[in-house]
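Below you'll find the structure, written out as structure tokens, and then a few comments.
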Amino acid sequence: MRDGGQRAVYGELSQLMLPFGESLDDLLSQLPGFVYQLHLSQEGAWRYTYVGQRVTELFGASVEEVLADAQTLLANIHPSDRDTVIEGSLQSARSLTPWRSEFRMFRLDGEMLWVEAHDHPRRQPDGSLLWTGYANDITQRKALEAALRSSEQRFRQLVEQVLGQNMSFVLHPEDLEACQRYIEKVYCTGEPQGVIEYRVQHANGEWRWHFTNGAPLLDDQGRVTSFLGISHDVTPRREMEQKMLHLAQHDTLTDLPNRSLFFSHLSSAISQAKRSDIPLALLFIDLDDFKPVNDRFGHGVGDQLLQAVAQRLLQRLRGGDRVGRIGGDEFVAMLGGPVGAEEALRVADQLCQALAVPFTLSVGEVHVSASIGVALLPLHAAEESTLIHCADQAMYQAKAQGRNQAMLYAPASSDAS
């Protein structure tokens, strides 16, 4: 959020308007499950900062009840599953990797249901944790799986046949090795190995995502002869996950990476740059005279202008560079290394020139310009927060000295501000 913007996340999400005029909350209400954001403070306090409206349909609890007390949901995880769910979530946070789990929960009326949850953890600046995810009722699917297991239908032929030819004809090349290891482990241990997801080429040539959970079949001597499994086409769920992840990480107006995703990329790039001893550059880009365009022509034209600015930045930056929108008329760009001060300033000057060219919008030609601040790692800063500060200060100095220009950070610019 920008300075002073301390609204509740729920309020922000529910009021956010997509380009086609529909609120994000309206869109999320059409999903079969619900989207959530779950926060864990450094003191160990759990709190939902957002839950979709469909949580009421699934669990019988209102959105307000869940936001007021996270235990409205968390306490209703089945006792046999609760420790596994919590530990799995914490483990995903420690490694900052996506988390997925299937577990049982109780509605407020006591009815049990199976839930499938997927989320992505992020560590917040204050050290707390935030999971953004999607949960869905899979009770019917679980009942079908149980029925199929009881019928003992064979999922594959002998393990040797599977490893030899059959699967290699239909599996995606990138997934073949993982599937082979999975089957080898079933064969070697004689025990179920949980769930594996992989891509299968259907008869029409389309690649579809499947997941399988397999169990070995043993002969009288306890040797694995084949195994049973249940395979499901989970392509819609995979596509939904990608769409939800994209919405969470991208600016809905320009489709550029948002603040969270851009600075995540920056953090990773800085770590890599330090290991490789390769410099990189950060650009803070602020449009000049954007407010008069909004005031004169309205927010619709202002949105058109921001979209056009985003496209022009993408066109003018180099192949390995990244650009994001962090709010309002503020954009950021990261120039991948190796890059020196002279080259970084040259790229920034080119962006200034490109953005000064009139934009042709629905009301005709619109003129703006940009002030750009440039800072380099390690020339100006050794850490992410300092690099961001330096680029921001250089941008303000560019504005103070006449706008429509790029300036390289210098300690004096910080003093002057």
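Give the average over all directions of the projected area of the C-alpha convex hull of region 250-416, one decimal, in nm².
9.0 nm²
In which sequence would Cys352, Cys390 go, from the one with the fewest C-beta neighbours within 10 Å to the one with the most?
Result, fewest neighbours first: Cys352, Cys390.
What aspartates and glutamates sit close enough to Lys142 to cross-link, taking a C-alpha to C-alpha distance under 13 Å and skipping anything fewer than 8 places away on the same chain?
Glu102, Glu116
What is the Cα convex hull volume of region 166-277 when expressed per residue in Å³? Each step should come with its number before you reach the end.
Details: hull volume 19.2 nm³, N = 112.
Hull volume over Cα atoms, normalised by residue count, gives 171 Å³.
Using just the C-alpha positions of region 26-147 as equal point scatterers, what log10 of I(q)/I(0) does the Debye formula give at each q in 0.10, 0.23 1/Å?
Treating every Cα as an identical point scatterer, log10 I(q)/I(0) equals -0.29, -1.56.
Please report, in whole Å³, the volume per residue of the convex hull around the C-alpha atoms of the chain.
192 Å³
Given an 8 Å cut-off on Cα distances and at least 6 residues of separation, report the relative contact order of the chain as a percent.
It comes to 9 percent, rounded to a whole number.
If you take the charge dipole of the chain about its Cα centre, with +1 on Lys and Arg Cβ and -1 on Asp and Glu Cβ, which of Ala269, Leu176, Pro236 is farthest toward its positive end?
Looking along the dipole axis, the top candidate is Leu176.
Springs between alpha-carbon pairs under 10 angstrom, Gaussian network model over the chain: which of Gln140, Gln353, Gln405 fluctuates most?
Gln140
Which residue, Phe34, Phe297, Phe331, has the most motion in a Gaussian network model of the chain that connects Cα atoms within less than 10 Å?
For the chain, modelled as a Gaussian network with Cα springs under 10 Å, the answer is Phe297.
Within the chain, which is the longest segment that contains none of the GluC sites (Glu not before Pro) sitting in a DSSP loop with at most 15 other Cβ atoms within 10 Å?
After excluding every exposed loop site, the longest remaining stretch is 207-382.
What is the set of long-range amide H partners of Asn404 at a cut-off below 5 Å, with H atoms built 1.01 Å from backbone N?
It is Ala370, Ser371, by chain and number.
Which whole-number percent is the relative contact order of region 250-416 (Cα, under 8 Å, 6+ apart)?
Relative contact order, region 250-416: 27 percent.
Set the Förster radius R0 to 22 Å, insert the Cβ-Cβ distance between Ser231 and Thr84 as r into 1/(1 + (r/R0)^6), and round the FRET efficiency to 0.05.
0.40
First measure r as the distance between the Cβ atoms of Thr386 and Ser276, then evaluate 1/(1 + (r/R0)^6) with R0 = 22 Å and state the FRET efficiency to the nearest 0.05. Spell out each step's value before the answer.
Working: r = 20 Å, r/R0 = 0.89.
Efficiency computed from Cβ-Cβ geometry: 0.65.
Starting at the first residue of region 184-193, write each ³J(HN,Hα) from the Karplus equation 6.51 cos²θ - 1.76 cosθ + 1.60 with θ = phi - 60°, in whole Hz, x for Gly and Pro.
Couplings: 4, 5, 4, 5, 6, 8, x, 10, x, 10 Hz.
When the Karplus curve 6.51 cos²θ - 1.76 cosθ + 1.60 is applied with θ = phi - 60°, which whole-Hz ³J(HN,Hα) does each residue of region 337-346 get, with x for Gly and Pro?
Going residue by residue, I get x, x, 9, x, 4, 5, 5, 4, 5, 5 Hz, with x marking Gly and Pro.
Only counting other Cβ atoms within 10 Å, I'd like Thr139, Thr84, Thr254 sorted with the fewest neighbours first.
So the ranking, lowest neighbour count to highest, is Thr84, Thr139, Thr254.
So for region 250-416, taking the charge dipole from beta-carbon charges (+1 Lys/Arg, -1 Asp/Glu), which of Ile278, Ala341, Phe297 sits furthest toward the positive end?
Ile278
Just how large is the dipole of the chain about the Cα centre, in debye to the nearest 20, putting +1 at every Lys and Arg Cβ and -1 at every Asp and Glu Cβ?
540 debye
Based on Cβ point charges of +1 for Lys and Arg and -1 for Asp and Glu, what charge dipole magnitude is obtained for region 196-277 about its Cα centre, in debye rounded to the nearest 20?
260 debye
So, R0 is 22 Å and r is the distance between the beta-carbons of Glu343 and His367; what FRET efficiency does that work out to, to 0.05?
After rounding to 0.05, the efficiency reads 0.20.
Enumerate the calculated ³J(HN,Hα) couplings along region 125-130 in order (Karplus 6.51 cos²θ - 1.76 cosθ + 1.60, θ = phi - 60°), each rounded to whole Hz, writing x wherever the residue is Gly or Pro.
x, 8, x, 6, 10, 9
Laboratory data are not the source of any read-out in this text; all were calculated from the coordinates shown. Please read all numbers here as calculations on a predicted model, not as lab measurements. FYI the Cβ positions are ideal-geometry reconstructions off the backbone, even for glycines, and counts take in every protein chain you see.
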